[in-house]
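Worksheet: the structure to be examined is printed underneath.
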Amino acid sequence: MRLARAYLLPVTAAMAALALAGCMQTGEQVAMAPRSDLDAMAYGEPARYATPSATADSGGAISAVRASFATSSHGAYAPAPIASAPAQVADAYAAAPVAAAHDAPYHLDAGDKLRVVIYGQEGLTNTYAIDAGGSITMPLIGAVAARGKTPARLAADISARLRNGYIREPSVAVEVETYRPFFILGEVAAPGQYPYVPNMSVESAVAIAGGFAPRAKRDSVTLTHNADRAIVPLGTSIGPGDTILVGERWF
């Protein structure tokens, strides 16, 4: 009996030593709790963390969540980039016709008041208004058509009429003393007619009329010039006799 115990004691000690050595070799894996797939997705995989359960796709809810993250980053759920506005929108106002260029010749019409100067003829020098028929009436020569003509053209016509039996070499100058008014209607503080000032724009016309009304559309207006109607931006030049209609916005 004692011999059996003496024989078993070294064997038991050897087996205990082998078990302890095995635990020491695998101590790192035993002490480290395996991380879940959600932790791996949130914080990234550790450098030495590689287990069959982590690398294999086992399906289920975790795989579905992982697939949804991949889809939102690279697939149909990724936010689409904001497209830039087409160039046609930026050029829409540039294509709108300008009502009156600053360097365009001015054409007379009813409502204009002209200062006609005839050198050496004080009785003929005076201010004349173009009537509704488009003419001015002067001494000696009577009615002279003015509508649609430039001041220089009208001066040449007056000179030709005076030369025909009245003055041998007349020298005539015509200048606009007062332009015919422009009209502004719609959503402004004080709609009506106002005297025209050279080089006016739609914006300055709105300012003369007291500014926009609370519900006015403030980015464009409807401009009527020489029977032509167009929607134009506020920087468009206007001419005498033009009509500006400021529309109402819907919201």
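Observations
- The criterion of at least 2 residues that are within 13 Å of residue 112 (Cα to Cα) is met, among strands (runs of 3 or more DSSP E) falling completely within the stretch 148-204, by 172-178.
- Verdict on residue 130 being open to solvent by less than 80 Å² (accessible area, probe 1.4 Å), at pLDDT below 95 and over 11 Å from residue 116 (Cβ atoms): no
- Qualifying residue in the stretch 161-169 (condition: in contact with a Leu (Cβ under 8 Å, 6 or more places away or on another chain), closer than 16 Å to residue 111 by Cβ and of a type in the set (A, V, I, L, M, F, W, C)): no
- The stretch 140-179 - residue that is closer than 15 Å to residue 125 by Cα and acidic (Asp, Glu) and, of those, surrounded by the fewest Cβ atoms within 10 Å (Cβ to Cβ): 175
- When restricted to residues that are of a type in the set (Gly, Ala, Ser), within 20 Å of residue 195 (Cα to Cα) and touching a residue at least 40 places away in the same chain (Cβ under 8 Å), the stretch 109-136 contains 2.
- From the list 205, 213, the one residue that fits, being among the aliphatic types (A, V, I, L, M) and over 29 Å from residue 150 (Cβ atoms), is 213.
- Contact annotation: residue pairs with Cβ atoms under 6 Å, 6 or more positions apart or on different chains, pairing a residue in the stretch 158-176 that is within 29 Å of residue 198 (Cα to Cα) and touching a residue at least 12 places away in the same chain (Cβ under 8 Å) with a partner that is in a strand (DSSP E or B) and of a type outside the set (Val, Ile, Thr), are 174/114; 175/115.
- For the stretch 211-220, the criterion of being under 22 Å from residue 104 (Cβ atoms), surrounded by 12 or more Cβ atoms within 10 Å (Cβ to Cβ) and aliphatic (A, V, I, L, M) is met by no residue.
The values are calculated or read from the model by the stated rules, or taken from the named source; none is laboratory data. As the structure is a computational prediction, the values presented were derived from the model and not from experiment. Positions of Cβ are generated from backbone atoms using ideal geometry, with glycine treated the same way; all protein chains shown enter the neighbour counts. Keep in mind that these areas ignore ligands, DNA and RNA; they rest on the heavy atoms of the full protein, side chains included. Shrake-Rupley method; radii C 1.70, N 1.55, O 1.52, S 1.80 Å.
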